[in-house]
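> Could you have a look at this structure, given as C-alpha cells, before my questions?
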Amino acid sequence: MTRELTLYIQSKKTVAMFFRPPARPAGFGPSTQTSVGSAPTGPGEAEGGISDEPPIYFLSDDQSRALALTEELSVRRGYQLKVVDVEKVGRLERLVTEHLRGVQTFPVLVAPAGLRLVGAEQFTEENLAAMMPTELQGVRAFTYVKIKGGDIDRIRRMLEGLGEVKELHFLTGDWDILVVLDFPPKVTNKRRVLDFVSERIRGIPEVLDTSTLVPELSVTKFP
C-alpha cells in the first residue's frame, strides 16, 4: 500500500505599505527628510523601496487548520506527507502539475490513486481517514447472534455493557444481531475471541446460537 500524500497549500505574501527610514547613528552623514508614503533606500532595501530580503509569507487560518489536521492524522496512520506551497514554486512547475489543473481553492490533498480533497471545508477527520486507509492494530471480529425472543432491550443493554462490543446491528433473516467486537493488539488470538463469545455472549440466556468471523487482516477508512 502506497503511503505518500501531497498537500498543496497557497500562502499569501506580506506587502508592506509603509516604510520607516532606518535609524542613523549620530554623525553618520547628512540627515534625509522623507515624506510619509515614500520609500527610502536603506540597508536591506533596493531602489524604489523594494526590499531585497526574502519575502514573508503567511497562511490563512482555514488552511493552517487543514494542514495541522492532515499532519496529525498522517502520523497516526503511518503516511508520509509532502507539503508544497504553490506560491513558492516556479510558475512553470505549478502549471504543469496535473493535480492542480482547474483548481481554484486551496488547500488540495492528493493521494497516489488520484483521489483528492479540495478546499478547507472538505478537510474533516472522516474525509482524511478515507484518504488514508490503514491496517487495524487490534483484532476485529464479527459475531452473528440468534436469539429466542425475550426482552430485546435487555439483551441490547447486556451486549452494550461488554467492553469488547463496539457495534450492534439488528437484522432480519437467519440471524438476529450482528455484533462487532474489538480486542487490543498482541494479547488476543482467534481462540481468545472465540472464548469470549462462548463465555460472555452465549452466556446470555436468550442466545440460541452464534457464528463468529475473525479476519486475518483488517483495513479501515473510519477515523
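> Suppose the chain between Ile152 and Asn189 were pulled fully straight at 0.36 nm per residue; how much longer would it get relative to their current alpha carbon spacing?
10.3 nm
> Spelling out what I want: for every residue of segment 214-223, take phi, set θ = phi - 60°, compute 6.51 cos²θ - 1.76 cosθ + 1.60 (Karplus), and round to whole Hz; glycine and proline get x.
Computed from phi, the couplings for segment 214-223 are 10, x, 6, 8, 10, 10, 10, 10, 6, x Hz.
> Still on this model: What are the radius of gyration and Dmax of segment 136-220, computed over its Cα atoms and given in Å?
12.6, 37
> Show which lysines lie in cross-link reach of Lys13 when reach means a straight Cα distance below 18 angstrom and same-chain residues fewer than eight apart are skipped.
Cα-Cα hits under 18 Å: Lys88.
> What percent does the relative contact order of segment 136-220 come to when contacts are Cα pairs within less than 8 Å and at least six residues apart?
Result for segment 136-220 is 47 percent.
> Still on this structure, I have one more. Please list, in chain and number order, the residues 5+ apart from Asp176 or on another chain whose amide H is under 5 Å from its amide H, with Hs placed from the backbone.
Close amide H contacts, sequence-distant or interchain: Val145, Lys146, Ile147.
> May I pose another question? For segment 78-151, what relative contact order do you get, as a whole percent, if you take Cα pairs closer than 8 Å and at least 6 residues apart? Provide the component values of the computation, followed by the final result.
Values: 29 pairs, mean separation 13.9, N = 74.
Normalised by residue count, the contact order of segment 78-151 is 19 percent.
> Check which residues have an amide H placed less than 5 Å from Val139's amide H, if you skip close sequence neighbours.
Result for Val139 returns Phe183.
> Okay, next question. Can you list residues from other chains, or at least 5 along the same chain, whose modelled amide H is less than 5 Å from the amide H of Val83?
Those qualifying (amide H under 5 Å, at least 5 residues apart or on another chain) are Leu7.
> How large is ³J(HN,Hα), in whole Hz, for each residue of segment 127-139 in order, when computed from phi with the Karplus curve 6.51 cos²θ - 1.76 cosθ + 1.60 and θ = phi - 60°, using x for Gly and Pro?
For segment 127-139, the Karplus curve yields 5, 5, 5, 5, 6, 10, x, 9, 6, 5, 7, x, 10 Hz.
> OK, next. Relative to the present Cα-Cα distance, how much length would full extension add between Glu199 and Lys166 at 0.36 nm per residue of separation? Before the final figure, lay out each step's value.
On the way: separation 33, 0.36 × 33 = 11.88 nm, distance 1.75 nm.
Gain in length upon complete extension: 10.1 nm.
Every read-out reported here was derived from the displayed coordinates using simple, explicitly stated rules and does not represent laboratory data. Remember, it's a predicted structure, so these values are computed and weren't measured experimentally.
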